[in-house]
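Readers should treat all values here as calculations from the given coordinates under stated rules, not as data from a laboratory. Please read all numbers here as calculations on a predicted model, not as lab measurements. In this analysis, Cβ positions are derived from the backbone assuming ideal geometry, glycine residues included, and neighbour counts consider all displayed protein chains.
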Ligand code: C2E
Ligand code: CA
Ligand code: CA
């Protein structure tokens, strides 16, 4: 006979013929595969614990070295651009002051004196003089004594500035000079000065260029045209091109840019140096982590062994925490909470051992034990107190275990529960597989057992999502109740949860109520039931019964 409508699990009379016998073996298989999966996961984590910091150290050495080298070439390029800008500044100022003197004779004694002053005060200008056609007529070097043929102009800017880029002078025949001419005056500039930087590396490439003419004005080392092309209107760029780390920066004042490049061998050197330092650190961290993981796992597996021993030595018992009607303050029922006192008298908190049990198949044995203990404590209690209800907690694994209905049925029988006397507290994790959860909920409710959603608000589901499930109660988590009366930004959440639950016609039980203020707030906002230290701590069944029948 089917004891619980809508299920066939309880049909059949003998255990052997019972479809259940197959289910009874399931946990063994499940335990085995869980153990294997656990072992694999453990080894994976140990491997990750060791390899992680080592890989991280190597990666760090690489990225730190690259960044340091990038920063270095960028500072070289900025330095070059700074010198180039100072050259342009001095050229511009020198020519301007000669042109502005409005001398009728550009080679007069006073004009030559001015040229010499400019020459002396401008560190980047070798000489300055007056030019007619291709000839420098007079200058800060030769005065009026000698004139000098500069040769043809290489290019002229839009503003009429004439550039000669490779001029030889008798005072330094080995070097090339640039001559920049405007308004009849020209400055002679040593081309190498902007790129004459003192760098640690001999094989650094440096260049400075005029952007409008696509001309590299001065350079040393390898410069590839594609690097300059990559600048493409940007303020600055950093790039790694085969074998080189390159930085190009634009002048903030002029249409000019400067470049610096270093061979990648310097990065490799730096990486090697850093790796030598970081690798042992990574290895030590990895080993420490692996040891920590090992101990954690060992303590978990020893906890599992303790749990098994605890079950066989009957170290578990139940406490019951009263649930009250907030309006009448009458006790309407209780939540059954598992307690474990180890052989040495040491209590173990469920928050510690339940998650460990949930990770293994042990939770199933624990739930079975809970149902047995409650059944024993509350033997036939509903025959005398049909208005009470008792709630038991189930884990997600129980929820999908095929014998959950049989466990509940046995509990119903032991407590003489009628419809609505028993309640199952399931967490949002139980609803993860929506279609399976719906069918389990339907079967549990068909068996006359109510469903409460525990720790509501701490999981993933939204209230509207809950509409899809036939849930009788939601339990408002203590973390939200704690915020009542506190001027915290999250304190409005509880009001929101209450409103939404009301609009969906769901009943509510508030958890962890510790103060009168919280109780009043909840009652005024339409929450019917509550549990918490304000009304009673978890206690042995006898005590609970006394309290419930006298209040
Ligand atoms: P839970 O289901 O949310 O149970 C409520 C917890 O809040 C209980 O802790 C209870 O003692 C505590 N509590 C109740 N009122 C107050 C209050 O006013 N203030 C404070 N600070 N705490 C309050 P407990 O008994 O330590 O249980 C912790 C968790 O362990 C439970 O949370 C539940 O998730 C799990 N658990 C307990 N018993 C069982 C069980 O039989 N089966 C399963 N699967 N899980 C259980
Ligand atoms: Ca609970
Ligand atoms: Ca809870």
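Need the full-extension length gain, residue 550 to residue 330, defined as separation in residues times 0.36 nm minus the C-alpha distance. One decimal, nm.
Full extension of this stretch gives 78.3 nm more.
Expressed as a rounded percentage, what relative contact order does segment 352-505 have, with Cα pairs under 8 Å and six or more residues apart?
Across segment 352-505, relative contact order equals 18 percent.
Relative contact order for segment 227-367: what percent, with Cα pairs under 8 Å and sequence separation of 6 or more? Can you show the working numbers first?
Numbers: 126 pairs, mean separation 17.3, N = 141.
Computed value for segment 227-367: 12 percent relative contact order.
If we count other beta carbons within 10 Å of each Cβ, what is the order of 449, 55, 332, 167, fewest first?
Working: 449 27, 55 13, 332 17, 167 20.
By the 10 Å Cβ count, ascending: 55, 332, 167, 449.
Rounded to two decimals, what is the ratio between the C-alpha radius of gyration of segment 143-302 and 2.2 N^0.38 Å?
Against the empirical 2.2 N^0.38 Å value, I get 1.74 for segment 143-302.
Round to the nearest 0.05 the FRET efficiency obtained for residue 294 and residue 402 when R0 = 41 Å and r is the Cβ-Cβ distance.
That gives a FRET efficiency of 0.70.
Hey, what angle do you get for helix 109-121 against the long axis of the chain, alpha-carbon based, 0 to 90 degrees rounded to 10?
That works out to roughly 30 degrees.
Calculate how steeply helix 492-503 sits against the longest principal axis of the alpha-carbon atoms of the chain, using the helix alpha-carbon long axis, and give the answer as 0 to 90 degrees to the nearest 10.
Helix 492-503 sits roughly 50 degrees off the main axis of the chain.
Starting from the Cα of residue 60, step 7 Å along the direction of its Cβ; do the same at residue 213; then give the gap between the two resulting points in nm.
Rounded to a tenth, the inter-label distance reads 5.0 nm.
Over what distance in Å are the Cα centres of segment 474-497 and segment 118-134 separated?
80 Å
For residue 342, put the label point 7 Å out on the Cα→Cβ axis and report which residues of segment 285-303 keep their amide N under 11 Å from it.
Within reach of a label on residue 342, which here means backbone N under 11 Å from a point 7 Å along Cα→Cβ, segment 285-303 contributes 302-303.
Give me the Kirkwood hydrodynamic radius of segment 135-178 in Å, from all C-alpha pairs, to one decimal place? Each step should come with its number before you reach the end.
Values: mean 1/r = 0.0859 Å⁻¹.
Hydrodynamic radius (Kirkwood, Cα only) of segment 135-178 equals 11.6 Å.
Normalised by the number of residues in the chain, what is the relative contact order in percent for Cα pairs under 8 Å and 6+ residues apart?
Working: 901 pairs, mean separation 66.3, N = 551.
With pairs under 8 Å counted, the relative contact order is 12 percent.
To the nearest 500 deg cm²/dmol, what mean residue ellipticity at 222 nm is calculated for the chain from DSSP H runs of n ≥ 4 alone, each contributing -39,500 (n - 2.57), summed and divided by the residues?
Taken over the chain, the calculation gives -15000 deg cm²/dmol.
Grab the beta carbon distance between residue 48 and residue 467, set R0 = 45 Å, and tell me the FRET efficiency rounded to 0.05.
Values: r = 41 Å, r/R0 = 0.90.
That gives a FRET efficiency of 0.65.
Calculate how steeply helix 362-377 sits against the longest principal axis of the alpha-carbon atoms of the chain, using the helix alpha-carbon long axis, and give the answer as 0 to 90 degrees to the nearest 10.
40 degrees
If you stretched the chain out fully between residue 82 and residue 524, how much longer would it get, using 0.36 nm times the residue separation minus the C-alpha to C-alpha distance?
Additional length available on full extension: 151.8 nm.
Please arrange 96, 83 by counting, for each residue, the other beta carbons lying within 10 Å of its beta carbon, fewest first.
With the fewest neighbours first, 96, 83 line up as 96, 83.
Multiply the residue separation of residue 71 and residue 104 by 0.36 nm, subtract the distance between their alpha-carbon atoms, and state the gained length in nm to one decimal.
Contour length minus the Cα-Cα distance gives 6.7 nm.
Taking neighbour counts of Cβ atoms within 10 Å as a proxy for exposure, in what order, fewest first, do 210, 43 appear?
Ascending Cβ contact count within 10 Å gives the list 43, 210.
Kirkwood Rh over alpha-carbon pairs of segment 240-303, then Stokes-Einstein at 4 °C and 1.567 mPa s: what D in µm² s⁻¹, rounded to an integer?
80 µm²/s
What is the spin-label model distance, in nm, from residue 438 to residue 490 if the labels are put 7 Å beyond Cα along the C-beta direction?
Each label point is offset 7 Å from its Cα along the Cβ direction, giving 3.2 nm.
Distance between Cα centroids, segment 65-89 to segment 407-462: provide it in whole Å.
70 Å
Compute the distance from the alpha-carbon center of segment 231-271 to that of segment 144-221, in whole Å.
The distance from the Cα centre of segment 231-271 to that of segment 144-221 comes to 22 Å.
Per residue, how big is the convex hull of segment 461-551 when only Cα atoms are used? Give it in Å³.
Working: hull volume 10.5 nm³, N = 91.
Considering the Cα atoms of segment 461-551, their hull volume per residue is 115 Å³.
What translational diffusion coefficient, in µm²/s and rounded to a whole number, does the Stokes-Einstein relation yield for the chain at 4 °C and a viscosity of 1.567 mPa s, taking the hydrodynamic radius as the Kirkwood radius over Cα pairs?
Estimated diffusion coefficient is 41 µm²/s.
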